[in-house]
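Please read the structure below before turning to the comments.
The values are calculated or read from the model by the stated rules, or taken from the named source; none is laboratory data. Worth saying up front: this structure is predicted, and the values here are computed from it rather than measured. Here Cβ is always computed from backbone atoms with ideal geometry, including for glycine, and neighbour counts include all displayed protein chains.
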Amino acid sequence: MSSLWKSTAVTLEMIKWEHSIFALPFALTAAVLAAGGWPQLRVLGWIIVCMVAARSAAMAFNRLVDARIDAANPRTAMRAIPAGALSGRFVGGFVLVSAMIFTLGAAMLNRLAFALAPVALAVVLAYSYMKRVTRWSHLVLGLALGIAPSAAWIAVRGTLDARIVVLTVAVLLWVGGFDVLYACQDYEHDRRVGLNSVPQAFGVRGAFWIARGMHLGMLVLLCWLIALFGLGEIAALGVVLVALLLLYEHLIISPTDLRRMNAAFFTMNGVISVVFFAFVAADVFLHR
């Protein structure tokens, strides 16, 4: 039993489960918009369960599928599976359990959520193979996180509103952009072994410009979202703060200096999603 708990703890550390905060606030934003305030506590709880379970399944599956690739990359060679701290069999079981928890959560929400659960799992798991197929794998990762707002809307309403798809595309561009930046760290390795990525295809400087374009597109879509839902000045201020945080993120790294990539990738992106949710939620609650 102690071995099981130890392996589970190592797995949770490997997938950085606490980074579920990246997309969760955007899902909560959609839930608040769908409900016109806080959704029912039961619905909110199952949304959180589904979010964490889906991300856990996707991240563990990615580490499992990429074990050989990670072992060949000096930056990732000490991850748990290539380092021998976890077996592939255990991680495969963790993926299966996480997927089952996600499916259970979807079933507890409503019929449409349950029917679409396999589609959502297919999207979040598919990313792990995309770098072998296309340089635009970053956008598939963006979609994997971007479906969270649409899924949360479905969880609350049992239907899908086209307006919330704008937030899905915004998150897709946001995630895709910072994943392009993160992939710059592996530029030399990806070129050497033939893995696809935007930096590998366009160079590090080109990748930075593409990431900037994606993040600008995200800001445009967030402004459109505010207009579509008739939100006010508080939500607009949230977009301004997101823009400033993105600017800071791009200022602390450069094509010739990636030393602060973890700060840009993990810390700032967590702050961005929380800030946007807080300001949109405040706008909804104050004007409902």
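Key figures for this structure:
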read-out	value
Where Ala201 falls short, out of the listed (1) surrounded by fewer than 24 Cβ atoms within 10 Å (Cβ to Cβ); (2) more than 30 Å from Arg75 (Cα to Cα)	(2)
Hits in region 239-267 - residues which are at pLDDT below 80 and either under 18 Å from the mean Cα position of the chain (by Cα) or in a helix (DSSP H, G or I) (or both)	Met261, Asn262, Ala263, Ala264, Phe265, Phe266, Thr267
Flag if Val140 is within 21 Å of Phe26 (Cα to Cα), buried (at least 24 other Cβ atoms within 10 Å of the Cβ), of a type in the set (Val, Ile, Thr) and under 14 Å from the mean Cα position of the chain (by Cα)	no
Pick from region 52-77, criterion in a loop (DSSP other than H, G, I, E, B) and more than 23 Å from Phe22 (Cβ to Cβ), ranking: modelled with the lowest pLDDT	Ala77
Residue among Leu231, Leu160, Leu181, Leu195 that is closer than 23 Å to Asp66 by Cβ and not in a helix (DSSP H, G or I)	Leu195
Ala115 vs. criteria part of a helix (DSSP H, G or I) and either in contact with a helix residue (DSSP H, G or I) (Cβ under 7 Å, 6 or more places away or on another chain) or surrounded by 17 or more Cβ atoms within 10 Å (Cβ to Cβ) (or both)	no
Residue that is farthest from Ala27 (Cα to Cα) [pool: residues in region 171-189 that are more than 18 Å from the chain's Cα centre (by Cα) and free of Cβ contacts under 8 Å to residues at least 40 places away in the same chain]	Glu188
